[in-house]
Amino acid sequence: MEARSEAGEARPTAKIENIVATVSLDQQLDLRLIERSILTVEYNPEQFPGLVYRLDEPKVTALIFKSGKMVVTGAKSTKDLIEAVKKIVRNLKKHGIPIYGRPKVQIQNIVASANLNVCVDLERAALTLENSMYEPEQFPGLIHRMDEPRVVLLIFSSGKMVITGAKREEEVYEAVNKIYEKLKKLRAIRPC
């Protein structure tokens, strides 16, 4: 679906693809007990020190370590991330795994895709946009490091983008709108 402004021009759209977070339970966990209690987990300490716990809804994967730390990936929103962590903790408790405190969740990285819905003159953008790198013989996109919000944008001539490094969902939308306005001001965009 294409977003349009009041003037009928195409507006940028963005979509969260993956949220990576760390979770701390502030306690040691018996991974062998979890493996025996929850049959759907995968645990092979000879290959990897963490236990792999997959949820279908929301669709996330958690790597759980004996230190009580987890890495959760795959969430498409902060709401889904929190719901997934609560579900995992509830399921551990339900299967007799003692969990004492409340999980501390910290988002490490949000990866999103976006479409500016215009074509971008990457040569012009590279010359006028600071903190940018464009070497088309090595990579077809322009790499732009934005200071505020602190994210990295991969911008392609088609107007498609990848955003990485955000810590909050709002930062993704702020970055997309900010780069759109900046490229417009630099006259580096045109209708496709």
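Would you be able to say whether some residue in segment 128-147 is in contact (Cβ under 8 Å) with a residue 60 or more places away in the chain and open to solvent by less than 50 Å² (accessible area, probe 1.4 Å)? No, because not a single residue in segment 128-147 is in contact (Cβ under 8 Å) with a residue 60 or more places away in the chain and open to solvent by less than 50 Å² (accessible area, probe 1.4 Å). A single member of Ala125, Ala112 is closer than 30 Å to Val72 by Cα, at pLDDT 95 or above and surrounded by 20 or more Cβ atoms within 10 Å (Cβ to Cβ), and it is Ala112. Count of segment 93-123 residues, restricted to those that are touching a residue at least 60 places away in the same chain (Cβ under 8 Å), closer than 29 Å to Met70 by Cβ and outside any loop (DSSP other than H, G, I, E, B), is 11. Screening Glu169, Glu174 for residues that are farther than 30 Å from Phe65 by Cβ and not aliphatic (A, V, I, L, M) leaves exactly one candidate, Glu174. Checked against the criterion of being in contact with a Cys (Cβ under 6 Å, 6 or more places away or on another chain), in contact (Cβ under 8 Å) with a residue 24 or more places away in the chain, open to solvent by 80 Å² or more (accessible area, probe 1.4 Å) and closer than 20 Å to Ala126 by Cβ, segment 150-166 contains not a single residue that satisfies it. If only residues of segment 59-68 that are surrounded by fewer than 22 Cβ atoms within 10 Å (Cβ to Cβ) and not small (Gly, Ala, Ser) are counted, the one that is farthest from Val23 (Cα to Cα) is Lys59. Scanning segment 90-101 for residues that are closer than 16 Å to Arg36 by Cα and either among the basic types (Lys, Arg) or open to solvent by less than 40 Å² (accessible area, probe 1.4 Å) (or both) yields Asn91, Leu92, Lys93, Lys94, Ile97.
Of all residues in segment 142-181, exactly one satisfies the criterion of being small (Gly, Ala, Ser) and either part of a helix (DSSP H, G or I) or touching a Gly at 6+ places or on another chain (Cβ under 6 Å) (or both), namely Ala175. Of all residues in segment 16-58, those satisfying the criterion of being surrounded by 15 or more Cβ atoms within 10 Å (Cβ to Cβ), out of contact with any strand residue (DSSP E or B) (no Cβ under 7 Å at 6 or more places or on another chain) and in a loop (DSSP other than H, G, I, E, B) are Leu25, Ile38.
Against the conditions (1) in contact (Cβ under 8 Å) with a residue 60 or more places away in the chain; (2) assigned to a loop (DSSP other than H, G, I, E, B); (3) surrounded by 13 or more Cβ atoms within 10 Å (Cβ to Cβ); (4) not small (Gly, Ala, Ser), Cys192 satisfies every one except (3).
When Lys87, Lys66, Lys76 are checked against the criterion of being under 16 Å from the mean Cα position of the chain (by Cα), at pLDDT 95 or above and among the basic types (Lys, Arg), a single residue qualifies: Lys76.
The values are calculated or read from the model by the stated rules, or taken from the named source; none is laboratory data. Quick caveat: nothing in here was measured; it's all calculated off a predicted structure. All Cβ positions, even for glycine, are placed from backbone atoms using ideal geometry, and neighbour counts span all protein chains on display. What goes into the accessible areas is simple: the full protein's heavy atoms, side chains included, and nothing from ligands, DNA or RNA. Shrake-Rupley method; radii C 1.70, N 1.55, O 1.52, S 1.80 Å.
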